[in-house]
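A quick write-up on the structure given underneath.
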Amino acid sequence: MGSISVESLRKELAQVREESLTDALTGIANRKAFDQALEKSFQDNAEKNTSFCVVIADIDFFKKFNDTFGHLVGDKVLRFVAATIKSCVKGKDTAARFGGEEFVLILPDTGMEGAEIVAEQVRKAISKSILRDIKNNEEYGKITISLGIGQFKKGELTNDLLKRADEALYQAKENGRNRVVHFSGSDMGV
């Protein structure tokens, strides 16, 4: 039996830790990683009094797309959307798969205006692409995404912030999809 170095064990442990925080299908952060990053954002806000926003995004008509073209193509769509979202965020931002066809972003040190810019970049990048099968050149059509933004309010709980972002997402869906809506309290903005 060969000896195992401490360094190789550390590398293996780091890899296992990374895998436990990564969505296997899309390669971006998973819900567990999102929950940890959100908790850190709340702690940072308490210590530094910084602003941050959460964006919840949902692929429009994903079930219909999945039913029409099959789950393998649906998986490709999820990977495409995840990669596009990841390419639109930078630095300390967190992009994660929230579940199903929902994705979420945490934008530390970002106010509503900055969050709207990022969300609109994501929306435009996804909606301008036409997906097709590279083997037989079959066109699947365009994918669109709706996004809802909530900005952190001092003293609130994580569920309050997520609920506002989710309500904004719901409004984006109700108002025609393929749009960004923010909800920062009693006012709803489009």
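For region 38-51, residues that are open to solvent by less than 20 Å² (accessible area, probe 1.4 Å) and either at pLDDT 95 or above or assigned to a loop (DSSP other than H, G, I, E, B) (or both) total 1. GLU167 fulfils the conditions (1) at pLDDT below 90; (2) acidic (Asp, Glu); (3) open to solvent by 60 Å² or more (accessible area, probe 1.4 Å) except for a single criterion, (1).
For region 94-120, a residue qualifies if it is over 20 Å from GLY27 (Cα atoms) and without any contact (Cβ under 8 Å) to a residue 40 or more places away in the chain, and the qualifying residues are GLU113, ILE117. When residues in region 142-168 are screened for being free of Cβ contacts under 8 Å to residues at least 12 places away in the same chain and either more than 19 Å from GLU102 (Cβ to Cβ) or touching a Pro at 6+ places or on another chain (Cβ under 9 Å) (or both), 3 of them pass.
Here GLY91 fulfils each of the conditions (1) free of Cβ contacts under 8 Å to residues at least 60 places away in the same chain; (2) under 23 Å from TYR170 (Cα atoms) apart from (2). The numbered conditions (1) among the acidic types (Asp, Glu); (2) open to solvent by less than 30 Å² (accessible area, probe 1.4 Å); (3) within 26 Å of GLY155 (Cβ to Cβ) are all true for ASP35 except (2).
Condition check: modelled with pLDDT under 90, loosely packed, with under 14 Cβ neighbours inside 10 Å, out of contact with any helix residue (DSSP H, G or I) (no Cβ under 7 Å at 6 or more places or on another chain) and not β-branched (Val, Ile, Thr). Does LYS63 satisfy that? Considered against the rule, which asks whether it is modelled with pLDDT under 90, loosely packed, with under 14 Cβ neighbours inside 10 Å, out of contact with any helix residue (DSSP H, G or I) (no Cβ under 7 Å at 6 or more places or on another chain) and not β-branched (Val, Ile, Thr), LYS63 comes out as no. Strands (runs of 3 or more DSSP E) fully within region 68-162 that include at least 3 residues being open to solvent by less than 30 Å² (accessible area, probe 1.4 Å) and among the aromatic types (Phe, Trp, Tyr): none found.
The values are calculated or read from the model by the stated rules, or taken from the named source; none is laboratory data. Computed from a predicted structure; not experimentally measured. Virtual Cβ from ideal backbone geometry, glycine too; neighbours counted across all protein chains shown. Surface accessibility is based on the protein's heavy atoms, side chains included, excluding ligands, DNA and RNA. Shrake-Rupley method; radii C 1.70, N 1.55, O 1.52, S 1.80 Å.
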